[in-house]
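Heads up: the structure comes next, in structure tokens.
The values are calculated or read from the model by the stated rules, or taken from the named source; none is laboratory data. None of these values were measured; they are calculated from a predicted model. Note that each Cβ is placed from the backbone with ideal geometry, even for glycine, and that neighbours are counted across all protein chains shown. Each accessible area value is taken on the protein alone, full model and side chains, heavy atoms only, with ligands, DNA and RNA left out. Shrake-Rupley method; radii C 1.70, N 1.55, O 1.52, S 1.80 Å.
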Amino acid sequence: MATYHTHEGTYELPAGWRDETVVIHSVGDPAGPARFSFVLQRAQPAPGEDFIDFAERQLTELSSAIPGVEVLGRVQREVDGALALEVELRWASDRGPMHQKQVYLQTPTGALIFTVSALGRIPEQHLRETDSLLASFRFRTGG
């Protein structure tokens, strides 16, 4: 068992359980066209899977699930000294054009996937705020 830490508290996570939690933060009217969301998701690469191969597999699965996804760019970067892959995407949804930026971050225990999304185009202010958030990210140390 491992002690699991959340923002609200801690608890003992049974052996073999994986953390696949999702955290969502948003700005704007939930029903309005200016809604912007930031999602943090935890994921596990397959045993022995190279991290970049894992991120590329995630993109392939996303492309299969959402027809017409276009990858606008991808770049390797570091977040708190760890390997990350940043990808920018767009597609046509039933609500209108979607714009998304994802950052896949390698962690000691798996992966974090940071995703920002907006209808239309992600406002420059939110892109700057997201870059600032990623620059401020620090891994927790200790149990």
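Only one of (1) over 12 Å from the mean Cα position of the chain (by Cα); (2) at pLDDT 95 or above fails for Thr3. Which number is that?
For Thr3, the failing item is (2).
For the range 113-143, enumerate the residues that are touching a His at 6+ places or on another chain (Cβ under 9 Å) and basic (Lys, Arg).
Within the range 113-143, the subset touching a His at 6+ places or on another chain (Cβ under 9 Å) is 116-122, 140, 143.
Arg121, Arg140, listed by residue number.
Looking at (1) polar (S, T, N, Q); (2) within 13 Å of Ala118 (Cβ to Cβ); (3) modelled with pLDDT of 90 or more, find the lone condition where Ser26 falls short.
Of everything listed in (1) polar (S, T, N, Q); (2) within 13 Å of Ala118 (Cβ to Cβ); (3) modelled with pLDDT of 90 or more, Ser26 misses just condition (3).
Out of curiosity, is Gln106 part of a strand (DSSP E or B), under 21 Å from Gly68 (Cα atoms), out of contact with any Gly (no Cβ under 7 Å at 6 or more places or on another chain) and of a type in the set (S, T, N, Q)? Walk me through it before giving the result.
Working: part of a strand (DSSP E or B): yes; under 21 Å from Gly68 (Cα atoms): no; out of contact with any Gly (no Cβ under 7 Å at 6 or more places or on another chain): yes; of a type in the set (S, T, N, Q): yes.
Here the answer is no, as Gln106 does not meet what is asked.
Of the conditions (1) within 16 Å of the chain's Cα centre (by Cα); (2) in a loop (DSSP other than H, G, I, E, B); (3) within 25 Å of Trp17 (Cα to Cα), Ile122 clears all except one; give me its number.
That leaves (3) as the condition not met.
Of all residues in the range 66-98, which are basic (Lys, Arg) and either in a strand (DSSP E or B) or open to solvent by less than 80 Å² (accessible area, probe 1.4 Å) (or both)?
The first filter runs over the range 66-98 and keeps only residues basic (Lys, Arg), leaving 74, 77, 90, 95.
Those that are basic (Lys, Arg) and either in a strand (DSSP E or B) or open to solvent by less than 80 Å² (accessible area, probe 1.4 Å) (or both): Arg74, Arg77, Arg90.
Among the residues of the range 53-65, are any open to solvent by less than 50 Å² (accessible area, probe 1.4 Å), modelled with pLDDT of 90 or more and of a type in the set (Val, Ile, Thr)? Show your work before the answer.
Residues of the range 53-65 that are open to solvent by less than 50 Å² (accessible area, probe 1.4 Å), as a first pass: 54-55, 58-59, 62.
Subset that is modelled with pLDDT of 90 or more: 54-55, 58-59, 62.
If we keep only those that are of a type in the set (Val, Ile, Thr) too, we end up with none.
No, every residue in the range 53-65 fails to be open to solvent by less than 50 Å² (accessible area, probe 1.4 Å), modelled with pLDDT of 90 or more and of a type in the set (Val, Ile, Thr).
Can you pull out every residue in the range 29-52 that is open to solvent by 70 Å² or more (accessible area, probe 1.4 Å) and at pLDDT below 90?
The answer is Asp29, Pro30, Ala31, Pro33, Ala34, Arg35.
Among (1) free of Cβ contacts under 8 Å to residues at least 60 places away in the same chain; (2) in contact with a Phe, Trp or Tyr (Cβ under 8 Å, 6 or more places away or on another chain); (3) more than 22 Å from Arg35 (Cβ to Cβ), where does Leu134 come up short?
Exception for Leu134: condition (3).
For the range 9-22, does any single residue satisfy the condition of being under 21 Å from Thr130 (Cα atoms), in contact (Cβ under 8 Å) with a residue 12 or more places away in the chain, touching a Leu at 6+ places or on another chain (Cβ under 8 Å) and not hydrophobic (A, V, I, L, M, F, W, C)? If you could, list the steps in order and put the result at the bottom.
Step one: list which residues in the range 9-22 are under 21 Å from Thr130 (Cα atoms), which gives 21-22.
Retained after the next criterion (residues that are in contact (Cβ under 8 Å) with a residue 12 or more places away in the chain): 21-22.
Imposing the further condition that a residue be touching a Leu at 6+ places or on another chain (Cβ under 8 Å) reduces the set to 22.
With the extra rule that they be not hydrophobic (A, V, I, L, M, F, W, C), the set shrinks to none.
No.
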